[in-house]
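A quick write-up on the structure given underneath.
The values are calculated or read from the model by the stated rules, or taken from the named source; none is laboratory data. Small disclaimer: the values here were computed from a predicted structure and weren't measured. For neighbour counting, all protein chains shown are included, and Cβ atoms are generated from backbone atoms with ideal geometry for every residue, glycine included.
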């Protein structure tokens, strides 16, 4: 069922997060592979997502980092896309996707010219792991296997020691997000964004492997 | 009901609320002191600009007006359905807004939401549902997704979904169903200053850091499984 979240899935996740507050582990690893709300129990699913959002923030406020790992075939969409971005950091593979509305939903409501959900290359240029990593929405780009995710998660747990949001940290992020929507207003393809970021051959980005993409990002930030 | 009418009913002592597009921000006078008023109107589709407009106002209020209550007026048709919005990680901006609502709570600002017309999926998740308590006016649309889109995703016939929406509380749109399940406190006949003062007073008197919704959904009989399942995962004290 596409990792969809209904009443029971939500309750289990909330229970685990609350347990983390009692047991105080070094970090919580949140493995997300989900299309969002389970539509068959739409209302209960929406409320469950909202409860997960509150619970993630409660764990983080308790000084325990929550890392989102996104590497499954469903990605993290809908409410679970919001949940992923409430975590301390998102680790994603190139195959992973992170967004709000699925391309199929946008196509159904807004038309195929707005978003052709069958155009897989386009879907990945808009929602895929590489794009999210290059834009800074995901902290780490990880090879698409369990060992790499484990290694990256361990490194991240070691690096993130204090992650409680403050007025100052949210003000800083507010500033970054405002600048970004101004700079990229009206863009609708990853290719245009990457070109604007100074990447000389944006059309080559989808072909780069993980190592080359990480190196490219390093050069962009240098 | 028109926004202006709702504001006049809630805040007879006066309000100065600005409208930028479909984004509401401002202040209002109440017998309990000044409150921050913010939200969306006219079935706004939440995009980056709206989300960041609201989060900016929350951060500004938190920075300059300690403990000032927040009153969120919710009318949203959900998230904007657009490729350019998704390209810039719309879920990230909605998460940022949700985190700002939560920060205000942790710093002692009470908050309540009033659904004035529509409260749909991602738009509702990003701020309305994050408040300490949520209320809804009569005849409001509280739901998750357009049934045509839902039909495509679930591969269930549209006619069948319309039929189901007619009677299944867990599935059917409607604020009453959210009351039963613990996410909405009550459905109001009309907005009034008395209701607002009562609700804010109640909020100030209780500790709201805990999410009470599973508990409420259980005691109201609309969501019987969530609470025992979540509890069964937490170890008993002392173990």
>> For segment A:57-68, check the following and say yes or no: at least one residue is part of a helix (DSSP H, G or I), crowded, with 24+ Cβ neighbours inside 10 Å and in contact with a strand residue (DSSP E or B) (Cβ under 7 Å, 6 or more places away or on another chain).
In response: yes
>> Tell me the residue from B:117, B:172, B:136 that is without any contact (Cβ under 8 Å) to a residue 24 or more places away in the chain and more than 30 Å from residue A:171 (Cα to Cα), please.
In response: B:172
> Out of all the residues in segment A:111-127, which are touching a helix residue (DSSP H, G or I) at 6+ places or on another chain (Cβ under 7 Å) and at positive phi?
Replying inline: none
> Can you pull out the residues in segment B:44-72 that are under 15 Å from the mean Cα position of the chain (by Cα) and exposed (fewer than 15 other Cβ atoms within 10 Å of the Cβ)?
Replying inline: none
>> Are there helices (runs of 4 or more DSSP H) fully within segment A:134-222 with at least 3 residues that are at pLDDT below 95 and farther than 27 Å from residue B:50 by Cα? List them.
In response: A:146-159, A:210-221
> How many residues are surrounded by 21 or more Cβ atoms within 10 Å (Cβ to Cβ) and not in a strand (DSSP E or B) if we restrict to segment B:73-83?
Replying inline: 3
> Quick one: residue B:93 ticks every box in (1) assigned to a helix (DSSP H, G or I); (2) more than 10 Å from chain A (Cβ to nearest Cβ); (3) free of Cβ contacts under 8 Å to residues at least 60 places away in the same chain bar one, so which box is it?
Replying inline: (2)
> Within segment B:187-216, can you find the residues that are in contact (Cβ under 8 Å) with a residue 24 or more places away in the chain and either part of a loop (DSSP other than H, G, I, E, B) or closer than 19 Å to residue A:48 by Cα (or both)?
Replying inline: B:189, B:190, B:191, B:192, B:208, B:209, B:212, B:213, B:214, B:215, B:216
> Filter segment A:38-56 for residues that are touching a strand residue (DSSP E or B) at 6+ places or on another chain (Cβ under 8 Å) and under 16 Å from residue A:85 (Cβ atoms); which is nearest to the other protein chains (Cβ to nearest Cβ)?
Replying inline: A:49
> Which of the residues belonging to segment B:170-179 are touching a helix residue (DSSP H, G or I) at 6+ places or on another chain (Cβ under 7 Å) and more than 7 Å from chain A (Cβ to nearest Cβ)?
Replying inline: B:172, B:173
> How many of the residues making up segment A:179-200 are loosely packed, with under 12 Cβ neighbours inside 10 Å and closer than 16 Å to residue B:90 by Cβ?
Replying inline: 3
>> Residues to consider are B:101, B:115, B:134, B:142; find the one that is more than 7 Å from chain A (Cβ to nearest Cβ) and part of a helix (DSSP H, G or I).
In response: B:101
> Within segment A:10-35, restricting attention to residues that are within 17 Å of residue A:81 (Cα to Cα), part of a loop (DSSP other than H, G, I, E, B) and out of contact with any strand residue (DSSP E or B) (no Cβ under 7 Å at 6 or more places or on another chain), which residue is modelled with the highest pLDDT?
Replying inline: A:33
> Say we look at segment B:145-160 and pick out the residues that are at the interface with chain A (Cβ under 9 Å from one of its Cβ atoms) and part of a helix (DSSP H, G or I); which of these is surrounded by the fewest Cβ atoms within 10 Å (Cβ to Cβ)?
Replying inline: B:148
> Can you find a residue in segment B:37-47 that is within 13 Å of chain A (Cβ to nearest Cβ) and either out of contact with any helix residue (DSSP H, G or I) (no Cβ under 8 Å at 6 or more places or on another chain) or in contact (Cβ under 8 Å) with a residue 60 or more places away in the chain (or both)?
Replying inline: yes
> Quick one: how many residues across segment B:200-214 are in contact with a helix residue (DSSP H, G or I) (Cβ under 8 Å, 6 or more places away or on another chain) and surrounded by 15 or more Cβ atoms within 10 Å (Cβ to Cβ)?
Replying inline: 4
>> Looking at segment A:33-52 only, could you name the residues that are under 14 Å from the mean Cα position of the chain (by Cα) and crowded, with 24+ Cβ neighbours inside 10 Å?
In response: A:34, A:36
> For segment A:103-119, what are the residues that are at the interface with another protein chain (Cβ under 7 Å from one of its Cβ atoms) and closer than 15 Å to residue B:150 by Cβ?
Replying inline: A:104, A:105, A:106, A:108, A:109
